[in-house]
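For reference, the structure discussed in these notes is given below.
The values are calculated or read from the model by the stated rules, or taken from the named source; none is laboratory data. Keep in mind the model is a prediction, meaning the values are calculated, not measured. Cβ: placed from backbone, ideal geometry, glycine included. Neighbour counts: every protein chain shown. Surface accessibility is based on the protein's heavy atoms, side chains included, excluding ligands, DNA and RNA. Shrake-Rupley method; radii C 1.70, N 1.55, O 1.52, S 1.80 Å.
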Amino acid sequence: MRRRERIAVMRPGPAYSMAVLLMFVSLLLPPPARAQNDSAPGNRALKAAVAKLVRDAGIKSTEPGIAVLAKRPDRVLLMEGYGLADIAAKETITSCTRFELASVSKSFTATAVLILQDRGLLSIDDDVRKFIPELPRHANGPLRIRDMLRHISGLTDYLALDSIPKSNGIYWVNSDYLTALSKAPLDFPIGQKYEYNNTNYMLMALVIERAAKKPFGDVLRDEIFLPAGMKSTFVYSGPASIPANAAPSCNNAVGYEKEKGRWVASWGFPPGHQQPEHLEVGDGAIWSNLEDMAKWDTALRTNKLLKPASMTLALTGSRREKGYGLGWHLYHDDGGTLYGYGHDGYWEGFNTMYYNYLTSNHSVVLLSNRGRAIDLDAFWEKLSELIETHAKE
């Protein structure tokens, strides 16, 4: 059985203890990369504090590392890279280094669906069979696009399906799973419960392609990346989709796992690394960097991509699970008020997170290629404390 993980769920709380600030700190720093706005005294203090956080966490200049973005609505507080993007090539992580976003990609996929709904090309209340007739009818259907975006569909995990032929003979793509999914029973009746499942968003990429009548990567480029100003971001759907480096050059990180004390490359682009077999899109496969993720944050905050009503809909959970909207994990206080939203992801050495902390009015992006050797939730908590201390509004 093939294994693919994009399911880690962060559960931040509204307050954090200063006692945990010194937990998880470490690593010798390479020269920081392309910092923005570091002339402000508060930013210099934050930069020094985060550098210590990273050093004490053990990220060394000779090892895979992390890219860190801290941002207010009107300014970047910190944008730095620490460690190596590629051990063999000795390339450092910079604010321009691209990482596989893993499940953070789901937020982009859901945003694309809502853009198409705003354009009248689909409705989230549509039966998914309107766009994917290969799927079966279900007894308690119809299965709606809305059910899939909220992970209450009951669809089985496509990555657990065995003996799926590769139509191109080299790697799997989304349509390869349609025959098997047309025969697979639901894991539970539609809408009965919430169960995070990559199949929902893998199939959503096909819905987007068929509704927009062009490839998924082209839809995201035209409807999200270009309007938001994300010039280095792309969808990795095959070798031909990897863009040529522009000036200044943006390098591509390699995902690593630590095995028996050694860093082993587990995900990257050919020819330096073996061609990956899993090139499905929608549930993952977006590659981006801190510079572009800062623009993504601005686009979300300013309703540049979605109508305000559509963004409100995206941040509304289901009756079964109020903690997941349309492509977003949602965080509520005890009174039910939304205080933050975001998404995290994990895939073959890439550990990623985007989080918009509404209460404190800042956003954080963490992109790491250290695999399980870093706890991003713990790192995020410490970083948020440092932002509150050194970058007050």
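For the peptides 176-185, 202-211, 344-353, what is the packing order when you average, over each peptide's residues, the other Cβ atoms within 10 Å and list the highest mean first?
Descending packing order for the listed peptides: 344-353, 202-211, 176-185.
Among Val264, Asn369, Thr312, whose Cα projects farthest towards the positive end of the dipole of the chain, with charges put on the beta-carbon of Lys, Arg (+1) and Asp, Glu (-1)?
Positive-most Cα among the choices belongs to Thr312.
Checking the a/c ratio against 1.5 first, then a/b against b/c, what shape does the Cα gyration tensor give for segment 122-261?
It comes out prolate by the Cα gyration axes.
Using alpha-carbon positions, what is the distance between the centroids of segment 97-174 and segment 292-346, in Å?
First find each Cα centre; the distance between them is then 19 Å.
Quote the relative contact order of the chain in percent (integer), defining contacts as alpha-carbon pairs under 8 Å separated by 6+ residues.
25 percent
Roughly how many percent of the accessible protein surface of segment 35-118 is carbon and sulfur, given a 1.4 Å probe and a whole-percent answer?
Carbon with sulfur: 51 percent of the solvent-accessible area.
Compute the Cα gyration tensor for segment 57-114, then decide on rounded, prolate or oblate, letting a ≥ b ≥ c be the square roots of its eigenvalues: rounded whenever a/c is under 1.5, prolate when a/b is larger than b/c in the other cases, and oblate in all that remain.
The shape class here is oblate.
Nearest 500 deg cm²/dmol is fine: what mean residue ellipticity at 222 nm does the chain get from its DSSP H runs of n ≥ 4 alone, each adding -39,500 (n - 2.57), divided by its residue count?
-7000 deg cm²/dmol
Taking the highest mean first, how do the peptides 325-332, 285-292 order by number of other beta carbon atoms within 10 angstrom per residue?
285-292, 325-332
Over segment 278-391, what relative contact order in percent results from Cα pairs under 8 Å that are six or more residues apart?
Dividing the mean separation by the residue count of segment 278-391 yields 13 percent.
Per residue, how much accessible area does the chain have with a 1.4 Å probe, in Å²?
39 Å²
Rounded if a/c is under 1.5, else prolate if a/b is larger than b/c, else oblate: which is segment 85-188, with a ≥ b ≥ c the root eigenvalues of its Cα gyration tensor?
Cα axes put segment 85-188 in the oblate bin.
Expressed as a whole percentage, what fraction of the accessible surface of segment 171-315 belongs to carbon and sulfur atoms when a 1.4 Å probe is rolled over the protein heavy atoms?
Percent of accessible area from carbon and sulfur atoms in segment 171-315: 54.
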